[in-house]
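Undergrad: Okay, handing you the structure first.
The values are calculated or read from the model by the stated rules, or taken from the named source; none is laboratory data. This one's a predicted model, so the numbers in the text were calculated from it and none came from an experiment. We place every Cβ from the backbone using ideal geometry, glycine too, and count neighbours over all the protein chains shown.
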C-alpha cells in the first residue's frame, strides 16, 4: 500500500533561503529605486543595487518554485507498536 509522505513545508531549507533572499532583494530594490544620480555614478553608471535586488528576487522565486514542484518527503516510522 502506497501512502503519501508528508512534505517538509516551512522547514525545508529551500524555503528559508528563498525567504532570506526575498527580504534582502526587496530591500535592495527599494534602495536602488530611490538612489540618486551620485550613487549610480559610483558604480560606473549602473544602478547595481536595483539589478542585484532584482536578481535576488528572481533567485528567491526560483527556490520557491523548486520547493513547490519537488517537495522533500519526510520519512515516517512504519514500525507497529506492541
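Undergrad: Taking the range 33-57, which residues are surrounded by fewer than 16 Cβ atoms within 10 Å (Cβ to Cβ), free of Cβ contacts under 8 Å to residues at least 12 places away in the same chain and in a helix (DSSP H, G or I)?
TA: Result: 37, 38, 39, 41, 42.
Undergrad: Tell me, which residue of the range 7-32 that is exposed (fewer than 15 other Cβ atoms within 10 Å of the Cβ) and at pLDDT 95 or above is nearest to residue 75 (Cα to Cα)?
TA: 19
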